[in-house]
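Take a look at the structure set out below.
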Amino acid sequence: MKRLEKNGASVEVWRDLAGLSERGAELLREIAGRSIERQSGFYVALSGGSTPKALFSLLASDLYAKQMSHLWRETQVFWTDERCVPPDDPQSNYRMAHESLLSHVDLQASQIHRMRGEDEPERAAEAYALDLNSSFNMSEPVFDLVLLGMGADAHTASIFPHSPLLTDTEEVPLVAAPYVEKLQAYRLTLTLRVLNRARNIIFLVSGSEKAEPLRKVFASSEKDEELPARWVRPVDGACYWLVDEEAAALLD
Ligand code: 6PG
């Protein structure tokens, strides 16, 4: 593994997707253990996409599932974002996480808080904000861990380039239902107000199509509406970038 310091962020470059998934699984286990010790619970938000899926499959393997069963029992699972489709749709982030991870580990239905992609988007976003408010014992939700991917257009969660959700103000809701022009579809997403309050954020970035956006994300520290991933900066937490060699190809 090679570590690069980039604009105040620490970037770990692993050989391939398998390497970064292993590191992601170790970090998740460590953070879950620490969170449970501190406050007897672990609150995690999952993302969709192919990179998180590799991590989920590893966590579902016998080795991890057994070692972590005491941790899963104290875990509350949320999502960073969701596609506006029913939960059994192949595009559903819930379905992907359920099939690759959640159905293989020691979790009860009451510990799984999915975004209702099948409902009218605004209503689903409001309902999810209520779920956050009642699940967290504090005025603003503070996740122990947020797992994020980054698209080739540098979107993260479902905050896309030029989104009105690219703002640091507190005036945005906790959960939004943006219409994404390039997808011609609505999405549900946690906003930066929630993401940036997390105690830990792990970005998982793999593949050569991420090399150019990743270079741009670390090229300067100025916030740029073209690069939503750059807006993710925990106010009082740690941010880990786990990337593979292909994605890191244009970072020095
Ligand atoms: C989604 C996401 C999204 C994803 C990135 C990276 O639902 O699409 O949550 O933000 O994490 O697009 O996805 P890949 O790892 O597949 O490139």
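Determine the gain in length on full extension of the stretch LYS223-ASP88; use 0.36 nm per residue of separation and subtract their C-alpha separation, reporting nm with one decimal.
Answer, rounded to one decimal: 44.9 nm.
Based on the alpha-carbon gyration tensor of the chain and its eigenvalue square roots a ≥ b ≥ c, which shape applies: rounded if a/c is under 1.5, prolate if not and a/b is larger than b/c, or oblate?
Note, shape of the chain comes out rounded.
Which of VAL175, GLY207, SER100 sits closest to the plus end of the dipole of the range 82-217, meaning its Cα is farthest towards the positive end, when Lys and Arg get +1 and Asp and Glu get -1 on the C-beta?
Of the options given, the answer is GLY207.
Magnitude of the Cβ-charge dipole of the range 104-252, K/R +1 and D/E -1, about the Cα centre, nearest 20 debye?
160 debye
In what sequence, highest mean first, do 101-113, 145-157 appear when ranked by Cβ atoms within 10 angstrom?
Put in order of decreasing packing, that is 145-157, 101-113.
Gain in length, ALA109 to ALA249, computed as 0.36 nm per residue apart minus the alpha-carbon separation, to one decimal in nm?
Additional length available on full extension: 46.3 nm.
Pull out the extension gain between ASP168 and GLU5, defined as 0.36 nm times the separation in residues minus the alpha carbon to alpha carbon distance; nm, one decimal.
Full extension from ASP168 to GLU5 adds 56.2 nm.
Using a cut-off of 29 Å between alpha-carbon atoms, which lysines can reach LYS223, once sequence neighbours fewer than 8 places away in the same chain are excluded?
LYS2, LYS6, LYS53, LYS182, LYS210
Charges only on Cβ, +1 for Lys and Arg, -1 for Asp and Glu: so what's the dipole of the chain about the Cα centre, in debye to the nearest 20?
500 debye
For LYS182, LYS223, LYS210, what's the fewest-to-most ordering of other Cβ within 10 Å of each Cβ?
Going from sparsest to densest Cβ surroundings: LYS182, LYS223, LYS210.
At 222 nm, what value in deg cm²/dmol follows for the chain if DSSP H runs of at least 4 each add -39500 (n - 2.57) and the sum is divided by all its residues, to the nearest 500?
Calculated at 222 nm, the ellipticity per residue is -9000 deg cm²/dmol.
Between the DSSP loop rule and a limit of at most 15 other Cβ atoms within 10 Å, which GluC sites (Glu not before Pro) in the range 171-235 are left?
Taking the range 171-235 and a limit of 15 other Cβ atoms within 10 Å, the loop GluC sites (Glu not before Pro) found are GLU171, GLU222, GLU225, GLU226.
If you average the sequence gap of Cα pairs under 8 Å that are 6 or more apart and divide by the length of the chain, what percent do you get for the contact order?
It rounds to 23 percent for the chain.
Only the coordinates and a few stated rules stand behind these numbers; no lab work does. Quick caveat, the model's predicted, so the values are computed rather than measured. Note: ideal-geometry Cβ built from the backbone for every residue, glycine included; neighbour counts use all protein chains shown.
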